[in-house]
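Student: The structure that follows is given in the form of structure tokens.
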Amino acid sequence: MLDIRVIRENPDLVKQASANKGDPVEVDAILELDTKRRELISKADELKSERNAVSAEIPKRKKAGEPVEDIFKRMREVGESITELDDTLREIDEKLSDLMLKAPNIPHESVPVGDESANQQIREWGEIAKPEFAVKPHWEIGEQLDILDMAAGVKISGSGFYALKGAGARLQRALISYMLDTHGADGFTEIAPPFVVNSASMQGTGQLPKLRDDMYHIAKDDLWLIPTGEVPVTNLHREEILSAESLPISYCSYTPCFRREAGAAGKDTRGMIRVHQFDKVEMVKIVHPDTAYAELETLVAQAEKILQGLEIPYRVLLLATGDLSFAYSKTYDIELWSAGVASWLEISSISVFGDFQARRMNTRYRDDKGKPKFVHTLNGSGLALARLIPAIMENYQNADGTITVPKVLQSYMGGLTKIG
RNA sequence: GGUGGAGUGGCUGAGUGGUUGAAAGCGGCGGUCUUGAAAACCGUUGUACCUGUGAGGGUACCGUGGGUUCAAAUCCUACCUCCACCGCCA
């Protein structure tokens, strides 16, 4: 959520910044409601003040044996006016908070303005191999080796689900362990959170109200399947005031992710690339505002470390304003080369939110004067398994149709060096 | 799922419907004393919003929402959470 004071003081800046994101904030409507709201509060507070003063008089009058009926009559009217004002205020508040919750975060000044084509490549790592043979896409080699079963997913659940089998399933488990161990060694605390969360959590990290249709909802219990580990892990500190010394907090977490991918049918959907359920290791940081943008760089480096360990070439992009998602103020994407589909695939998205999520979650820390201030939050995939496994199947594919197990994973796979 | 009990400030814990933002204790912070520390003593110690350049003034908040009343931490109601016991269960 944006700070309403920023909108009051710099309405044009907010208009421009949100327009750059392609998701304009309704600044004028917000300001109008904000003015109305403050008027109502002032009026209601005045009446409440009067009521409180009179209420203090009543017991004195009673003691003195003076009549109180006339006061009761007047106060009943005052009470009715208060109720009326409060009712109107509640309506205004609801409208205002709806607009505020739907207003996107504004991009950081270092973010290039423009659409996708304005994304900047920051760096590239590793050599893209040029094998002598035709690399099979992961869904082909996976079926051939009987480690990936797309048809099973369709039968059991429907389109957009898959099953890993044998060495494929074990490869995923090895990757999860490898990633969590790497992050853990670098000071990230491992979290095993709930995979089903309430609406307050979804609102806290920014999925609700706007992304309602992208998520699976359990109507009977009003609970949501998490679209990313970011949701439960960041919400660990919802409604909390943290000590300044406890910052930065670094978490890593393995979770499945559930996404309806409404409207995405038919769009580069082959194999595991765009599915309704996939596994991911997520990194979350809760930091002091002063360090947020430096932390973003270290978080990107942490994700890169995984790919470097796996020796898979990648590139890092700085996303332009038009490609930035709702809650982010700055995002780096890490993409790796998929030989099977001959294109770059996003495997990680590392973002800083500023105080956007902290405001929604009411997560604060105490500054050196002891006053509560909003923390800043970040997160990044470290990494998404449903993209990483295909990348391994393709980058580590051999001419004879086998797949070499990356060195760092071999110990996690009981010494297995080759699948097939 | 059933029955019973309970939810008050950082913590423990008082609170007859009317100066109760809320006793007391602990903790925290500041000070006196001390070479230093401890102890003792004194003072101080919530959050958010509205208003004001500021000093300040005002309002709200005792699990959450609704209700009764001139007035609610206190009464009614629904829900949530926790504890105990019973049932079920990986």
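Student: Return only the number of the condition from (1) open to solvent by less than 60 Å² (accessible area, probe 1.4 Å); (2) within 24 Å of the chain's Cα centre (by Cα) that A:Lys15 does not satisfy.
Tutor: (1)
Student: Could you check the stretch A:343-362 and list, in sequence order, the residues that are in contact with a strand residue (DSSP E or B) (Cβ under 7 Å, 6 or more places away or on another chain), buried (at least 21 other Cβ atoms within 10 Å of the Cβ) and not in a strand (DSSP E or B)?
Tutor: Passing the criteria: A:Asp355, A:Gln357, A:Ala358.
Student: Now for a separate question. Mind telling me which of the residues A:Pro232, A:Pro248, A:Pro227 ends up being open to solvent by 60 Å² or more (accessible area, probe 1.4 Å) and either aliphatic (A, V, I, L, M) or without any contact (Cβ under 8 Å) to a residue 60 or more places away in the chain (or both)? Give the steps one after another, and end with the answer.
Tutor: On the way: A:Pro232 fails: open to solvent by 60 Å² or more (accessible area, probe 1.4 Å); A:Pro227 fails: open to solvent by 60 Å² or more (accessible area, probe 1.4 Å).
It is A:Pro248.
Student: Kindly indicate which of A:Asp268, A:Asp279 is modelled with pLDDT of 95 or more, away from RNA strand B (no atom under 16 Å from the Cβ) and either not assigned by TED's automatic domain parsing to the domain that holds A:Met150 or not in a helix (DSSP H, G or I) (or both). I'd like the intermediate steps shown before the answer.
Tutor: Working: A:Asp268 fails: modelled with pLDDT of 95 or more.
Being modelled with pLDDT of 95 or more, away from RNA strand B (no atom under 16 Å from the Cβ) and either not assigned by TED's automatic domain parsing to the domain that holds A:Met150 or not in a helix (DSSP H, G or I) (or both) holds for just one of A:Asp268, A:Asp279, which is A:Asp279.
Student: Find the residue count for the stretch A:52-62, including only residues that are more than 6 Å from RNA strand B (Cβ to nearest atom) and loosely packed, with under 14 Cβ neighbours inside 10 Å. Lay out the reasoning, then the answer.
Tutor: Kept after step one, since they are more than 6 Å from RNA strand B (Cβ to nearest atom), are these residues of the stretch A:52-62: A:53-54, A:57, A:60-62.
Keeping just the survivors that are loosely packed, with under 14 Cβ neighbours inside 10 Å gives A:53, A:57, A:60-62.
Result for the stretch A:52-62: 5.
Student: Next question. Just give me the residues in the stretch A:318-332 being more than 12 Å from the chain's Cα centre (by Cα), crowded, with 21+ Cβ neighbours inside 10 Å and in a strand (DSSP E or B), in sequence order.
Tutor: The answer is A:Lys330, A:Tyr332.
Student: Hey, another quick one. Considering only residues that are touching a residue at least 40 places away in the same chain (Cβ under 8 Å), within 15 Å of A:Lys95 (Cβ to Cβ) and buried (at least 17 other Cβ atoms within 10 Å of the Cβ), which ones fall in the stretch A:27-51?
Tutor: A:Ile30, A:Leu33, A:Asp34, A:Arg37, A:Leu40 - these are the residues of the stretch A:27-51 that are touching a residue at least 40 places away in the same chain (Cβ under 8 Å), within 15 Å of A:Lys95 (Cβ to Cβ) and buried (at least 17 other Cβ atoms within 10 Å of the Cβ).
Student: When the stretch A:146-172 is examined, which residues are found to be outside any helix (DSSP H, G or I) and either more than 16 Å from A:Ile392 (Cα to Cα) or among the aromatic types (Phe, Trp, Tyr) (or both)?
Tutor: The initial filter retains those residues of the stretch A:146-172 that are outside any helix (DSSP H, G or I), namely A:146-149, A:157-166.
Selection gives A:Asp149, A:Ser157, A:Gly158, A:Ser159, A:Gly160, A:Phe161, A:Tyr162, A:Ala163.
Student: Can we say A:Glu109 is outside the structural domain of A:Glu335 (by TED's automatic domain parsing), among the acidic types (Asp, Glu), open to solvent by 50 Å² or more (accessible area, probe 1.4 Å) and assigned to a loop (DSSP other than H, G, I, E, B)?
Tutor: Yes.
The values are calculated or read from the model by the stated rules, or taken from the named source; none is laboratory data. Keep in mind that what you see is a predicted model, and the values were worked out from it rather than measured. Don't worry about glycine lacking a Cβ; one is built from the backbone with ideal geometry, like all the others, and counts go over all protein chains shown. Just the protein is used for accessible areas: all its heavy atoms, side chains included, with ligands, DNA and RNA removed. Shrake-Rupley method; radii C 1.70, N 1.55, O 1.52, S 1.80 Å.
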